[in-house]
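*Asks:* This structure is in structure tokens; I'll ask about it shortly.
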Amino acid sequence: MKTSFAVCFATIYGITLRIAFGFLGEVLQVMSIVFLFLSPVIIGFLTVWLWPKKYYLSGVQAFFIPWLTSLVILVITMAFDVEGSICWIMIFPFFAIAAGIGGIMARRFRKPDPDQIIEFDFEKKDTLKISLLLLTPLFAGLIEGDRTSSREDMNISRTVIINASISKVWHELININDISAKEKDYSLATFMGFPPHIKTTLDSPYVGGKRKAIYEKGLYFDETITQLEKEKLLVLDIKTDPAKIPPTVMDEHIIIGGKHLDILQDTYTLEKLSETSCRITLSSHFYINTPINWYAGIWAKYMMKDILQSELNLIEKRSAGKL
């Protein structure tokens, strides 16, 4: 029973903190060091600190028990649409490890008396310190704001060799149009929440031409041809208006065109290998803007590689007659 209390109290604290950061989004950033690292450290600290002292916790237990609290927070916030699945899938490993660090810290500070019971008496020195600790993310969040975020530009490329003439591949590239259900590539990126591609329109296959890539859930990209060499090169500048993209497409923190992520340019390069084969490369230039680019970049690169590969797979299937 007391073990359940430890997890429940830390869970309620974590959810309350998330709601507070969401409600005060203008001054408290969810995408911040305070929320992404300090908050789970405190959640993990609380979980172990409130764990019944009659149960001795090893270092391994102190590290992994807070993962349970993190998982409960994940389930509840997803169930009530407080947080999107794609955001949680990406951040959970980082969040849980930070909570585990907090758990180890709490184990070191716990008094060895197995009969001691923690009571919420604000006259007690330790309890007062814990109470002040609970408010730390709010004060620290106000100070941090978005000061720790920094932009990092990235370039990702994927290449496939297609057993079809370069003229056929070029034709399929500039005439994607409607994508049937059997043509859709349901990759892991799709499973994580990125909407499937449903159609692409192009008004003119020349420099200045306007292309629109449309995905499910209301996601779309307005693209302009800035460079074009027939059967060799196609460069598209991408403009996305975040105000026109529903926040439910993926997650409110991963709005393409928002302050944390934007896709700027796609480049298709074709190279003739023989009369019946060619190489096509799709490169994407995008940026991320977070306080943990080193971690977010791992996911961003993986997602973009998956998305680019899906686009090339479609062209390959159509060009090579694999459908």
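*Asks:* Are any residues in the range 150-180 part of a strand (DSSP E or B) and small (Gly, Ala, Ser), and if so, which ones?
*Replies:* Ser150, Ser157
*Asks:* While we're on this one: Which residue out of Trp294, Trp299 is part of a helix (DSSP H, G or I) and exposed (fewer than 15 other Cβ atoms within 10 Å of the Cβ)?
*Replies:* Trp294
*Asks:* Quick check on Pro40: is it assigned by TED's automatic domain parsing to the domain that holds Ile97, touching a helix residue (DSSP H, G or I) at 6+ places or on another chain (Cβ under 7 Å) and surrounded by fewer than 19 Cβ atoms within 10 Å (Cβ to Cβ)?
*Replies:* Taking the combined requirement at face value, the residue does not satisfy it.
*Asks:* Being more than 22 Å from Ile174 (Cβ to Cβ) and charged (D, E, K, R) is the requirement here; does Lys317 meet it?
*Replies:* no
*Asks:* For the list (1) among the β-branched types (Val, Ile, Thr); (2) surrounded by fewer than 19 Cβ atoms within 10 Å (Cβ to Cβ); (3) outside any loop (DSSP other than H, G, I, E, B), I need the number of the one condition that Ile225 fails.
*Replies:* (2)
*Asks:* Let me ask something else. Can you find a residue in the range 75-95 that is at pLDDT 90 or above, under 13 Å from Gly44 (Cβ atoms) and surrounded by fewer than 19 Cβ atoms within 10 Å (Cβ to Cβ)?
*Replies:* Scanning the range 75-95 turns up at least one residue that is at pLDDT 90 or above, under 13 Å from Gly44 (Cβ atoms) and surrounded by fewer than 19 Cβ atoms within 10 Å (Cβ to Cβ).
*Asks:* From the set of residues in the range 1-56 that are among the hydroxyl-bearing types (Ser, Thr, Tyr) and outside any helix (DSSP H, G or I), which is farthest from Ile130 (Cα to Cα)? Reasoning before the result, please.
*Replies:* To start, the set of residues in the range 1-56 that are among the hydroxyl-bearing types (Ser, Thr, Tyr) comprises 3-4, 11, 13, 16, 32, 39, 47, 55-56.
Within this subset, residues satisfying the condition of being outside any helix (DSSP H, G or I) are 32, 55-56.
On the way: Ser32: 22, Tyr55: 21, Tyr56: 21 Å.
Ranking the candidates gives Ser32 first.
*Asks:* Out of Arg151, Arg158, report the one residue that is within 25 Å of Ile256 (Cα to Cα) and surrounded by fewer than 15 Cβ atoms within 10 Å (Cβ to Cβ).
*Replies:* When all the criteria are applied, what remains is Arg151.
*Asks:* Return the residue satisfying two criteria in turn: it lies in the range 188-222 and is surrounded by fewer than 19 Cβ atoms within 10 Å (Cβ to Cβ) and of a type in the set (Val, Ile, Thr), and of such residues it is modelled with the lowest pLDDT.
*Replies:* Out of the qualifying residues, it is Thr190.
*Asks:* If Lys217 meets every condition in (1) charged (D, E, K, R); (2) touching a residue at least 60 places away in the same chain (Cβ under 8 Å); (3) on the phi > 0 side of the Ramachandran plot apart from one, which number is that one?
*Replies:* Evaluating Lys217 over (1) charged (D, E, K, R); (2) touching a residue at least 60 places away in the same chain (Cβ under 8 Å); (3) on the phi > 0 side of the Ramachandran plot leaves (2) as the failure.
*Asks:* Say we look at the range 124-149 and pick out the residues that are small (Gly, Ala, Ser) and not in a helix (DSSP H, G or I); which of these is modelled with the lowest pLDDT?
*Replies:* Gly145
*Asks:* Can you tell me which condition Glu231 does not meet? The list is (1) more than 30 Å from the chain's Cα centre (by Cα); (2) surrounded by fewer than 15 Cβ atoms within 10 Å (Cβ to Cβ); (3) outside any strand (DSSP E or B), and all the others hold.
*Replies:* (2)
*Asks:* Taking the stated definitions as given, is Leu236 within 21 Å of Ile161 (Cα to Cα) and either in the same structural domain as Val169 (by TED's automatic domain parsing) or in contact with a Cys (Cβ under 9 Å, 6 or more places away or on another chain) (or both)?
*Replies:* Against the criterion (within 21 Å of Ile161 (Cα to Cα) and either in the same structural domain as Val169 (by TED's automatic domain parsing) or in contact with a Cys (Cβ under 9 Å, 6 or more places away or on another chain) (or both)), Leu236 does not qualify.
*Asks:* Which of (1) surrounded by fewer than 18 Cβ atoms within 10 Å (Cβ to Cβ); (2) within 18 Å of the chain's Cα centre (by Cα); (3) of a type in the set (Val, Ile, Thr) is the odd one out, the single condition Val34 does not satisfy?
*Replies:* (1)
*Asks:* From the list Leu273, Leu236, Leu312, Leu308, exactly one residue is farther than 19 Å from Gly218 by Cβ, surrounded by fewer than 16 Cβ atoms within 10 Å (Cβ to Cβ) and either in contact with a strand residue (DSSP E or B) (Cβ under 7 Å, 6 or more places away or on another chain) or among the polar types (S, T, N, Q) (or both). Which is it?
*Replies:* Details: Leu236 fails: surrounded by fewer than 16 Cβ atoms within 10 Å (Cβ to Cβ); Leu312 fails: surrounded by fewer than 16 Cβ atoms within 10 Å (Cβ to Cβ); Leu308 fails: surrounded by fewer than 16 Cβ atoms within 10 Å (Cβ to Cβ).
The unique qualifying residue is Leu273.
The values are calculated or read from the model by the stated rules, or taken from the named source; none is laboratory data. Model, not experiment: these values are computed from the prediction. All Cβ positions, even for glycine, are placed from backbone atoms using ideal geometry, and neighbour counts span all protein chains on display.
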